[in-house]
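Asks: After the structure tokens below, expect a handful of questions from me.
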Amino acid sequence: MRKATFPKAYFWDFSRPILHARFEMRLRIILIALSLLAFLSACTAGYLYYSSSKETAFKEADRQAAQYVDTVGNHLSTFLSENLKSAKALAGLPQLEYCLLRQDSKSLQKANRILDHFKHALCADVCYLMTSEGLTVASSNRDEPDSFIGKNYGFRPYYQQAMQGNSAIYMALGITSKKRGVYYSYPVRAGGKGSPIGVAVIKASLDQLEKDFSPDHEGIVTLTDPHGVVFICNQEDWLYRFLWKPSPEDIAEIASTRQFGQGPWNWTGLQMKDREHAVSLSGEKYSVCSMNIDDYPGWKIVHLYSLQAIFKEASAPLVRMTGYVIFTICVFVGLLILFLYKKASYHIAKRKAAEEALGESRETALALLNAPTDGALLVDTQGRIIALNKPAADRFGMTSTDLIGQHAYNLLVSEIPEHRQKHQYWVLRSRKPVRYECEQDGRCLDTSLYPILDAQGKVARVAIFFRDITEQKRTEQELRLAKEKLSRHSKDLERQVRERTREITSILKNTPAVIFIKNTECQYVMINPQFEKLINSKNEEIRGKTDYDIFPNEIAHQFRANDLKVLREMRSFQVEERVLCEDGMHIYLSVKFPIHDENGSARAVCSIATDITEIKKAQDQLRRLSASIMASQEKERSAVARELHDEFGQMLTALRMDAVWLLDYLNKIDSQAAQRALAMCAIIDKSIEEIRALAMRLRPGVLDHLGLVDALEAHTSDFEKRTGINCSFSYRNVPHLNDLLATAAYRIAQEALTNIARHACADQVNVALNVEDGLFTLAVTDNGNGFNVEGIAGSDSLGILGMQERASLVGGTLEIKSGRNRGTDVYFRADIRDQKGGNQ
């Protein structure tokens, strides 16, 4: 029996299903492995991307917070220091000093006008003036319901610092106005020296500063005081709350100063977890960035950013990208399953293309998500928008749906149509990035174009990034102009310094005055040629020496005492100093003044001395001549007064007796003639009174017999009768004075009252004598119309010159104070400690 056989082709056909099944199984295994690898790759990439995005988000948030805090801190420091000089200038005005010293209606009115002017000029909330007791006497809001007039703010730290002689900047909530503000205080001194007599305050508004604490800013930004109380914040419900948990001492101190109202000052619930993180009572975590304010110890700007918001910002792009990746993987896996059964090579090629497209999509997504710009666009080779981020949509004021498909270059460059696509053509042709600036809605945009290449190296898409640089351009322009202006100003200052140096050098070389500069140790630093001639030494030889190394001890003592007085009191003085020269003792009139450093402290003392020896000799001769003339004048007046009183007075008295006898005789025989005789008696009586008054004015006998007090009392009474002006006289502790001083005081008072009667138009005059600590003072004051005191030196007023001469002859001083509609005050002062005698 023969064995059956089958053709070879049959066996091939028979085994083909088996081989196909095995191949299909292998393909399935490969497909599953590829799917697993793709899934693991996607998970790994997602995790790495999420970690990188989260870290990047944290760093970017910290960077932005630090940059924002630094910007706010600079604005705050500038804002806080801009009104301090204005407060100093306000405190130095004489109207405020006059108001604090007098506090009458006229001085208050002038002070209020000054405060109103400063308020409007500085756009401040209010400007006001406080006395040494803390009481507000003048204010720019005096007519408003929340006026400060009559309020006492003496407990406020800015007032207490100013009364100690220091300026102060104080941020607080107004007690009366209930408005926040910055208080600038500066002490007001009498004559610019001595202890403060009051405080000038400027309260500035926080409206400009609160713009930096915008509620639209992401995160919480606060300004806290040294105790942690929130003074400014973009979250209104955080105001006047403790940012960190306070101690009882902090609460007590805040309550004592009432810096932030009456309270209560609750706690926000925040606690520091570590140096850069904080957690609230609800468990929410924050990233903390803080900065101290320069020159304001304890004040801080604190920036809080929610970590949950950062996590959300970091994870949102991952979620979006993961969906795209998973969808892409599913599509390509389906295509692979369909085509692997037919043609493995075709499947592999398609898979490679898919992987390249996936890489391209990832690069594009990463570029859009991590773009360090305001806006980002993805366009095709024709310039049509394929995708964009939210800042780009906000910039164009449209939704993403409306912008998809539009031509990007029509939006970014619209002023020159033929140039709209030149930048895109360059990117497509050169495959290199392009950067340019363009205009959009009046804003300047910094625009960058980056090509995205496909697997063949051709440009498939173009990524466009742009950011608003309008403010940057403006700042650069302002900075350039400021640099140019500073350069011009610097050159001008250098030129002025050179000119002033030449002028000062010429003055020091050619002036006949003796000039020197000493340091705080009273050692010579510089002397001019005149001083070199005086001491017969060169500047280099005397530098570093003291007065005791050059002059005798007696002369050195007076130099040292005057120099130390200038350094101690920090003001200029004019003194007479005696120097022994080869031809005898010389008298120098020296003007000494301090030289300050940049901190306002005295670093040296300068003196400019003029030789007045011959002038002093001439003055002494002139004084002796004037004294002789006035003594002769007084003798002549006494002689004339005696002649009038004794001779002419007796003649009139005898004539009156005859007239009385004639009156008695005529009464019996002729009544009409008797009336004429009676009229003659009246005329004779009036003549006798005039003669007595004239003799009294020439030289009152009461001055020689009873003294100055009785003489002035009689003269003021006579002045009141003659002029009808109310004249009061008072005296206290007045001893017996020598004839020369008593005569000088009487004549000065007499001349002052004569001037009042002629020119003052006054209705009240006060004459007062007083002696205190050996100093005799005569004061004659009136409420008349006054005059310009500065015009005395250039006038021909012999009366005032005579008063000054009489005061000088007895070693005294004459001071006249007056002003338009302010009356006139005349003060004569003399030292009487060398005189002897009892009280009048």
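The values are calculated or read from the model by the stated rules, or taken from the named source; none is laboratory data. Every value quoted in this text rests on a predicted model; they were computed, and no experiment measured them. Cβ placement follows ideal geometry from the backbone for every residue including glycine, while neighbour counts extend to all protein chains displayed. What goes into the accessible areas is simple: the full protein's heavy atoms, side chains included, and nothing from ligands, DNA or RNA. Shrake-Rupley method; radii C 1.70, N 1.55, O 1.52, S 1.80 Å.
Asks: Would you please name the residue that is surrounded by the most Cβ atoms within 10 Å (Cβ to Cβ), looking only at residues in segment 805-822 that are free of Cβ contacts under 8 Å to residues at least 60 places away in the same chain and of a type in the set (G, A, S)?
Replies: Looking only at segment 805-822, we keep the residues that are free of Cβ contacts under 8 Å to residues at least 60 places away in the same chain, and these are 811, 813, 815-822.
Within this subset, residues satisfying the condition of being of a type in the set (G, A, S) are 811, 818-819.
On the way: G811: 14, S818: 18, G819: 12.
By that ranking, first place goes to S818.
Asks: When segment 177-199 is examined, which residues are found to be more than 25 Å from I293 (Cα to Cα) and either touching a helix residue (DSSP H, G or I) at 6+ places or on another chain (Cβ under 9 Å) or buried (at least 17 other Cβ atoms within 10 Å of the Cβ) (or both)?
Replies: Listed by number, the residues that qualify are S177, V188, R189, A190, G191, G192, K193, S195, P196, I197, G198, V199.
Asks: Among the residues of segment 157-170, are any in a strand (DSSP E or B), aromatic (F, W, Y), open to solvent by less than 60 Å² (accessible area, probe 1.4 Å) and touching a Lys or Arg at 6+ places or on another chain (Cβ under 8 Å)?
Replies: In the first step, residues of segment 157-170 are kept if they are in a strand (DSSP E or B); the result is 168-170.
After this cut, where a residue has to be aromatic (F, W, Y) as well, the list is 170.
Filter again for open to solvent by less than 60 Å² (accessible area, probe 1.4 Å), leaving 170.
Those still in the list that are touching a Lys or Arg at 6+ places or on another chain (Cβ under 8 Å) too: 170.
Checked against the condition, which is being in a strand (DSSP E or B), aromatic (F, W, Y), open to solvent by less than 60 Å² (accessible area, probe 1.4 Å) and touching a Lys or Arg at 6+ places or on another chain (Cβ under 8 Å), segment 157-170 yields at least one hit.
Asks: How about segment 133-148: which of its residues are closer than 19 Å to H120 by Cα and surrounded by 15 or more Cβ atoms within 10 Å (Cβ to Cβ)?
Replies: A138, S139, S140, N141, R142, S147, F148
Asks: Residues G174, G165, G191: which one is under 21 Å from the mean Cα position of the chain (by Cα), under 25 Å from H117 (Cβ atoms) and not aliphatic (A, V, I, L, M)? Before the answer, list the steps.
Replies: Numbers: G165 fails: under 25 Å from H117 (Cβ atoms); G191 fails: under 21 Å from the mean Cα position of the chain (by Cα).
None of the others qualify; the one that does is G174.
Asks: May I pose another question? Out of the residues in segment 210-242 that are hydroxyl-bearing (S, T, Y) and surrounded by 15 or more Cβ atoms within 10 Å (Cβ to Cβ), state the one that is nearest to the chain's Cα centre (by Cα).
Replies: Only one residue tops the list, namely T224.
Asks: Here's another thing I want to ask about it. Out of E439, E494, which single residue is open to solvent by 60 Å² or more (accessible area, probe 1.4 Å), within 29 Å of the chain's Cα centre (by Cα) and at negative phi?
Replies: Details: E439 fails: within 29 Å of the chain's Cα centre (by Cα).
The conditions single out E494.
Asks: Write out, first by first residue and then by second, each pair whose Cβ atoms fall under 7 Å of each other, whose residues are 6+ apart or on separate chains, and whose first residue, in segment 672-684, is farther than 14 Å from A654 by Cα while the second is part of a helix (DSSP H, G or I) and among the aliphatic types (A, V, I, L, M).
Replies: Note: pairs meeting the criteria are A673/L666; A674/L663; A674/L666; A677/A659; A677/L662; A677/L663; A677/L666; L678/L663.
Asks: Might you check whether a residue that is of a type in the set (S, T, Y), out of contact with any Gly (no Cβ under 6 Å at 6 or more places or on another chain) and either under 30 Å from P248 (Cα atoms) or not in a loop (DSSP other than H, G, I, E, B) (or both) occurs anywhere in segment 203-222?
Replies: Yes; the residues of segment 203-222 include at least one that is of a type in the set (S, T, Y), out of contact with any Gly (no Cβ under 6 Å at 6 or more places or on another chain) and either under 30 Å from P248 (Cα atoms) or not in a loop (DSSP other than H, G, I, E, B) (or both).
Asks: Name the single residue that is farthest from the chain's Cα centre (by Cα) among those in segment 497-512 being farther than 17 Å from M526 by Cα and open to solvent by 100 Å² or more (accessible area, probe 1.4 Å).
Replies: R498
Asks: Further, regarding this structure: Pairs needed: first member in segment 762-785, at pLDDT below 95; second member anywhere, open to solvent by 30 Å² or more (accessible area, probe 1.4 Å) and of a type in the set (A, V, I, L, M); C-beta distance under 7 Å; at least 6 residues apart or different chains.
Replies: Note: pairs meeting the criteria are A779/A768.
Asks: A further question follows. Exactly one of these conditions fails for F729: (1) touching a strand residue (DSSP E or B) at 6+ places or on another chain (Cβ under 8 Å); (2) at pLDDT below 80. Give me its number.
Replies: Condition not satisfied by F729: (2).
Asks: Name every residue in segment 177-188 that is of a type in the set (S, T, Y) and either farther than 25 Å from Q95 by Cα or over 20 Å from the mean Cα position of the chain (by Cα) (or both), in order of residue number. Outline the logic, then answer.
Replies: To start, the set of residues in segment 177-188 that are of a type in the set (S, T, Y) comprises 177, 183-186.
Passing the criteria: only S177.
Asks: Still on this structure, I have one more. Of the conditions (1) within 54 Å of the chain's Cα centre (by Cα); (2) crowded, with 17+ Cβ neighbours inside 10 Å; (3) farther than 20 Å from T824 by Cα, L775 satisfies every one except a single condition; which number is it?
Replies: The failed condition is (2).
Asks: Within segment 729-763, work out how many residues are in contact with an Asp or Glu (Cβ under 9 Å, 6 or more places away or on another chain), loosely packed, with under 15 Cβ neighbours inside 10 Å and not charged (D, E, K, R).
Replies: Matching residues across segment 729-763 total 1.
Asks: What residue, of E541, E569, E577, is under 19 Å from Y524 (Cβ atoms), among the acidic types (D, E) and open to solvent by 70 Å² or more (accessible area, probe 1.4 Å)? If you could, list the steps in order and put the result at the bottom.
Replies: Working: E569 fails: under 19 Å from Y524 (Cβ atoms); E577 fails: open to solvent by 70 Å² or more (accessible area, probe 1.4 Å).
On inspection, the qualifying residue turns out to be E541.
Asks: Quick check on segment 183-200. Is at least one of its residues among the aliphatic types (A, V, I, L, M), touching a Phe, Trp or Tyr at 6+ places or on another chain (Cβ under 9 Å) and in a loop (DSSP other than H, G, I, E, B)? Break it down into steps so the answer makes sense when it comes.
Replies: So the first thing to find is which residues in segment 183-200 are among the aliphatic types (A, V, I, L, M), and the list is 188, 190, 197, 199-200.
Still in the list and also touching a Phe, Trp or Tyr at 6+ places or on another chain (Cβ under 9 Å): 199-200.
With in a loop (DSSP other than H, G, I, E, B) added as a condition, the list becomes none.
Scanning segment 183-200 turns up no residue that is among the aliphatic types (A, V, I, L, M), touching a Phe, Trp or Tyr at 6+ places or on another chain (Cβ under 9 Å) and in a loop (DSSP other than H, G, I, E, B).
Asks: Kindly evaluate A752 against the criterion of being out of contact with any strand residue (DSSP E or B) (no Cβ under 6 Å at 6 or more places or on another chain), small (G, A, S) and either modelled with pLDDT under 90 or not in a strand (DSSP E or B) (or both).
Replies: no
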